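Report on the structure given below.
FYI, it's all coordinate maths here, none of it is from the lab. Because the structure is predicted, anything quoted here is derived from the model rather than measured. Here the Cβ positions follow ideal geometry from the backbone for every residue, glycine too, while neighbour counts run over all protein chains shown.
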Amino acid sequence: MKVSGVEAVAPATSANLGAGFDVFGVALDVLFDSVYVETTKDKRIEITVEGIGAEWLPTITTRNTAGIVAQELLRVSGRRTGLKMRIKKGIRPGSGLGSSAASASAAAVAVNELLELGLSKKELVGFAAQGEIASAGTPHADNVSAAILGGFTVIRSRDPLDVTSLLMPENVEFALVLPEISLSTSVARSVLPKQVSLSDLAYNVGHAATFVAGIALNDVELMGKGMADSVIEPARAPLILGLNHVKEMAVEAGAAGVTISGAGPSVIALVNSKKANAEKVAKAMQQGFAKCRIRSQTFCAKPGPGARILRQKP
């Protein structure tokens, strides 16, 4: 059945999870962006944005993550049609929770359905990654992989794109705190080192492997041990006032591991629900920021499903 409009939703995500820079991602079952797309006759892409942080986001196709994705899919389709897109933001831009990836992913799923392209989810990851150029300057796929496929994802290669999905242990929970700190992805990437030492490389490979081993062995505490990072987090820590204090308080409250979520400024803590309370950990992290006179919001989440179709208009 042909449809004239499709709405899709995609979840917030956390990337890196410590040493897995541009490789690890996980979908969260809280906070979502939705994108409604319909065909038009004027052969152009029209974008409107509403919701959290809508005033900060461009509506020019080539500067909007969802717009770039729609443009690429429309080109591949060969269809001589226009698109009208309405983006509803439930994830604050510049939060470190995959806001741009959620819009790009929801757009990919919606346009694929609307234009009857029949692309697989893994193929859509590649298109959604192109949208990340608008926010990060590079087509990285860690957030969009998790946003589309759901659960925990690992990027082995970006070109050609190769993604693996894994189920996390049932007792995995996350405590998150989003401080009122302005930090764009482009700024967070600009401070990263161009080269790393062999010792830092070995450290991060060991910890990333440990995190995955924890998943394979159903051991949340082992996963937590693998969340340390000697390269990316030290470079970004000065951009997030109070980070070290917040991390200490998370561990004291029972977190198995804690790190910057994505590019920040959000901080994510891994919690073993059989041993600790995620809400208690989140509140402890919030208190850590409060001691630095920084307001923040808290969230608790579990690994969640990926993007999905909400409705179709005949």
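Per-structure values
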read-out: Zero-based 5 Å bins, Cα pair distances in segment 58-102, whole percents; value: 5, 20, 26, 24, 14, 8, 4, 1
read-out: Cross-link partners of residue 274 among lysines (Cα-Cα below 25 Å; sequence separation of 8 or more within a chain); value: 225, 247, 283, 302
read-out: The chain, helix-only ellipticity at 222 nm - DSSP H runs n ≥ 4, -39,500 (n - 2.57), divided by all residues, nearest 500; value: -10500 deg cm²/dmol
read-out: Gaussian network model of the chain, Cα within-10 Å springs - most flexible of 178, 201, 115; value: 201
read-out: Check: segment 5-167 dipole with +1 on Lys, Arg Cβ and -1 on Asp, Glu Cβ, in debye; value: 380
read-out: Calculated from backbone phi, Karplus (6.51, -1.76, 1.60) coupling profile of segment 290-296 in Hz, x at Gly/Pro; value: 4, 5, 9, 6, 10, 6, 7
read-out: Of 221, 55, 132, the one that fluctuates the most in a GNM where the chain has Cα springs shorter than 10 Å; value: 55
read-out: GNM result for the chain, Cα springs below 10 Å: residue of 224, 206, 304 fluctuating most strongly; value: 206
read-out: Charged-residue dipole, Cβ positions (Lys, Arg, Asp, Glu), segment 107-261 about Cα centre, Debye nearest 20; value: 400
read-out: Furthest towards positive pole of dipole, 166, 56, 266, structure part the chain, Cβ charges; value: 56
read-out: For segment 233-288, size of Cβ-based charge dipole, Lys and Arg +1, Asp and Glu -1, in debye; value: 140
read-out: Integer Hz, Karplus 6.51/-1.76/1.60 couplings in order for segment 198-205, x for Gly and Pro; value: 4, 5, 5, 4, 4, 4, 6, 4
read-out: Fraction in percent of alpha-carbon pairs per bin - 10 Å, segment 257-303; value: 25, 58, 16, 0
read-out: Per-selection metrics, the chain (Cα): Rg and Dmax in Å; value: 19.0, 59
read-out: Percent of C-alpha pairs per 5 Å bin, segment 194-289, short to long; value: 3, 14, 22, 22, 20, 12, 5, 1, 0
read-out: Derived scalar couplings ³J(HN,Hα) [segment 221-235; Karplus, 6.51 cos²θ - 1.76 cosθ + 1.60; whole Hz; x for Gly, Pro]; value: 5, 5, 4, x, 5, x, 8, 7, 9, 9, 10, 7, 4, x, 6
read-out: For the chain, with +1 on Lys and Arg beta carbons and -1 on Asp and Glu, the positive-most of 68, 175, 124 along the dipole; value: 68
read-out: Anisotropy class of segment 208-260 from Cα gyration tensor, a/c 1.5 cut; value: oblate
read-out: Rg(Cα)/(2.2 N^0.38 Å) for segment 1-154, N = residue count; value: 0.95
read-out: Cα gyration tensor shape for segment 237-276, rounded if a/c is under 1.5, else prolate or oblate; value: oblate
read-out: Among 114, 193, 299 - extreme Cα towards positive end, dipole of the chain, charges at beta-carbon; value: 114
